[in-house]
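These notes are about the structure you will find just below.
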Amino acid sequence: MSELLRLSISEANDLLSRRKVSSVELTTAALQRIRNSDDRLRCFLTVTDDLALAQARRADERLARGETGSLLGIPLGIKDVILTKGVRTTAASRILENFIAPYDATVSRRLFEAGAVCVGKLNCDEFAMGSSTENSAYQVTRNPWDHDRVPGGSSGGSAAAVATGQCIGSLGTDTGGSIRQPAACCGVVGIKPTYGRVSRFGVIAYASSLDQVGPMGRCVEDCARILSVIAGHDTNDSTSVEVSVPDYAEALGPSCKGLRVGIPKEYFVEGMQPEVEKAVHAAVAQFERLGAVVSEVSLPHTEYAVPTYYLIATAEASSNLARYDGIKYGLRRGESDGLLAMYRRTRAEGFGTEVKRRIMLGTYALSAGYYDAYYLKAQKVRTLIRRDFEKVFAQQDVIVAPTAPTTAFRVGEKTSDPLQMYLSDIFTISINLAGLPGISLPCGFDAMGLPIGLQIIGRPFEEARVLQAAHAYEQSTEWHKRSPPD
Ligand code: GLN
């Protein structure tokens, strides 16, 4: 693999601004890498060669004029639930197989205005529903560390592409863990920002009260740089919040002196892989060496997070996915048999099994007579989960925990048992329910050489503190320097 594809964003930035390398060269190397590796890894649903080279040429012109910018000329990939004008955007679903996005999502627009280059659209679970990328209607992305294993999900393409050097960074989305869990499985860094930190305009909705876009990269600083570009209020998304966006990369430093770190006892559960537990404890000890003050804390409602999430997320999904009816856009089947038959056939053929399961669960939870017992109850438990965090954050600055209970599992291992699959997210889901920022970064490897993820959770809108803690830990370890075999 070209050395160019191992560069961090700031290293690439430096070479670009000193004219040692051009964006066209960087982009060509990335496209070449995709061509050489993606028949095995299957990270991309669409490779946008022409767009990428046109954007790279434009970036080189801006660089030649002496312009600077942290993402100017940097090749990135974008999860295929995020709209990119003029480019096919499928949500990894048959129902949007030929859908060409008519406009850019705000996050895409911000990246492009900053001069980033889009090399393609990344595979994921259909409508971001899953934890392994096996629910994609098109292909199963492979884990670059072991091709018989899943990359995690739902942003599995975004994680695997970055790990294997097909792009320098990427965007994912996280509704219940979909940035952090694949980051952990693939040995990269991914941050889910606070709900409201990043605009959801132009992001294909799964569960609107939980969905957030976030960056993935090979180091904390790369994620910080991307986040600074995509974050901030957007008049097109009324849930995006008007709070100022710091320069996240600027705020990074080596120290954790006095940082109060809470370790939730509920996040070390029976059945978790012993090597994961050991690696996380070792990371906690490292935080102490860096000057942090560590205490055990309790998040007592943790055990209700998975059922609460699967009521709220499916209820919102059933409503969001009602729009795919064959009328305005997307697949249309059975037109000649009347309106109802058309709805039925379009949705029967357009949606995959897991998406149908969730639409049915969500419709049931919202139906008259069951609403109070399920949906309303789940909303109340959600409040209890949020309050658990508020109590802990009155005493602690960040919470440190595992990202996932195991390292990457085998392709096919959990597909026949949805409940087992849902349990991959037991440590990430509460953070979405509470709307908090959370990052995953590498903290070790198991005996099979598979990466282990460490999660750091912060108070609302304190991404800077989360990134700072993550960066200090990362820079005191070597984990992020390992790359998967070529
Ligand atoms: N794995 C979880 C689910 O299937 C989370 C997915 C996500 O964050 N988009 O819903």
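The values are calculated or read from the model by the stated rules, or taken from the named source; none is laboratory data. Everything numeric in this text was worked out from a predicted model, so none of it was measured. Cβ placement follows ideal geometry from the backbone for every residue including glycine, while neighbour counts extend to all protein chains displayed. With ligands, DNA and RNA removed, areas are computed over all heavy atoms of the protein, side chains included. Shrake-Rupley method; radii C 1.70, N 1.55, O 1.52, S 1.80 Å.
Close Cβ contacts (under 7 Å, 6 or more residues apart or on different chains) running from residues in the range 420-441 that are aromatic (F, W, Y) to residues that are in a helix (DSSP H, G or I) and within 12 Å of the ligand (Cβ to nearest atom) comprise Y422/V306; Y422/Y310.
Table: residues versus (1) crowded, with 24+ Cβ neighbours inside 10 Å; (2) closer than 15 Å to I226 by Cβ.
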position: A105; (1), (2): yes, yes
position: V119; (1), (2): yes, yes
position: E126; (1), (2): yes, no
position: D146; (1), (2): no, no
position: R197; (1), (2): yes, yes
position: G202; (1), (2): yes, no
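Inside the range 304-318, residues that are open to solvent by 10 Å² or more (accessible area, probe 1.4 Å) and either under 23 Å from R94 (Cα atoms) or not in a helix (DSSP H, G or I) (or both) make up a count of 2.
Quick one: is A251 within 18 Å of the chain's Cα centre (by Cα), in a loop (DSSP other than H, G, I, E, B) and at negative phi? Please lay out each step first, then the result.
On the way: within 18 Å of the chain's Cα centre (by Cα): no; in a loop (DSSP other than H, G, I, E, B): yes; at negative phi: yes.
Judged against the criteria, A251 is not a match.
Summed over the range 256-277, residues that are within 12 Å of V400 (Cβ to Cβ) and part of a helix (DSSP H, G or I) total 1. Counting only helices (runs of 4 or more DSSP H) that fall entirely inside the range 361-479 and contain at least 1 residues that are over 15 Å from G176 (Cα atoms) and away from the ligand (no atom under 16 Å from the Cβ), the qualifying elements are 377-393, 463-475.
Quick check, is T84 of a type outside the set (G, A, S) and within 21 Å of the chain's Cα centre (by Cα)? In short, yes.
Cβ-Cβ distances below 7 Å connect the following pairs, each with a first residue in the range 313-340 that is away from the ligand (no atom under 16 Å from the Cβ), a second residue that is small (G, A, S) and at pLDDT 95 or above, and a separation of six or more residues or different chains: Y324/G350; G330/G350; L331/G350; G334/A341. The set of residues in the range 157-209 being of a type in the set (S, T, Y), within 12 Å of the chain's Cα centre (by Cα) and within 12 Å of the ligand (Cβ to nearest atom) consists of S158, T173, T175, S178.
Name the residues in the range 128-141 that are more than 9 Å from the ligand (Cβ to nearest atom) and buried (at least 24 other Cβ atoms within 10 Å of the Cβ), would you? Within the range 128-141, T133, S136, T141 meet the criteria.
Step by step: first the residues of the range 251-271, then only those that are of a type in the set (A, V, I, L, M, F, W, C) and more than 22 Å from I385 (Cα to Cα), then the one that is surrounded by the most Cβ atoms within 10 Å (Cβ to Cβ). Which residue is that? That would be C256. For the range 62-69, the count of residues that are modelled with pLDDT of 95 or more and among the hydroxyl-bearing types (S, T, Y) is zero. Looking only at the range 304-347, residues that are acidic (D, E) and under 23 Å from the mean Cα position of the chain (by Cα) come to 1 in all. Answer with yes or no whether R94 is in contact (Cβ under 8 Å) with a residue 12 or more places away in the chain, touching a Ser or Thr at 6+ places or on another chain (Cβ under 7 Å) and surrounded by fewer than 21 Cβ atoms within 10 Å (Cβ to Cβ). No; evaluated as a whole, the condition is false for this residue. Note on the range 341-360: residues that are more than 16 Å from the ligand (Cβ to nearest atom) and within 26 Å of D125 (Cβ to Cβ) amount to 8. Each residue in the range 32-54 was checked for being in contact with a helix residue (DSSP H, G or I) (Cβ under 7 Å, 6 or more places away or on another chain) and open to solvent by less than 20 Å² (accessible area, probe 1.4 Å), and 4 pass. Residues that are among the basic types (K, R) and either closer than 16 Å to T194 by Cα or surrounded by 18 or more Cβ atoms within 10 Å (Cβ to Cβ) (or both) within the range 427-486 comprise R459, R465, listed in sequence order. In the range 466-476 there is at least one residue that is under 16 Å from C219 (Cβ atoms) and in contact with a His (Cβ under 8 Å, 6 or more places away or on another chain).
Only a single criterion out of (1) in a helix (DSSP H, G or I); (2) surrounded by fewer than 15 Cβ atoms within 10 Å (Cβ to Cβ) is not satisfied by L321, namely (2). Can we say G214 is surrounded by 22 or more Cβ atoms within 10 Å (Cβ to Cβ), touching a residue at least 12 places away in the same chain (Cβ under 8 Å) and within 16 Å of the ligand (Cβ to nearest atom)? So G214 fits the description; yes.
For the range 1-31, the candidate set comprises residues that are open to solvent by 80 Å² or more (accessible area, probe 1.4 Å) and part of a helix (DSSP H, G or I); within that set, the residue that is nearest to C118 (Cα to Cα) is E25.
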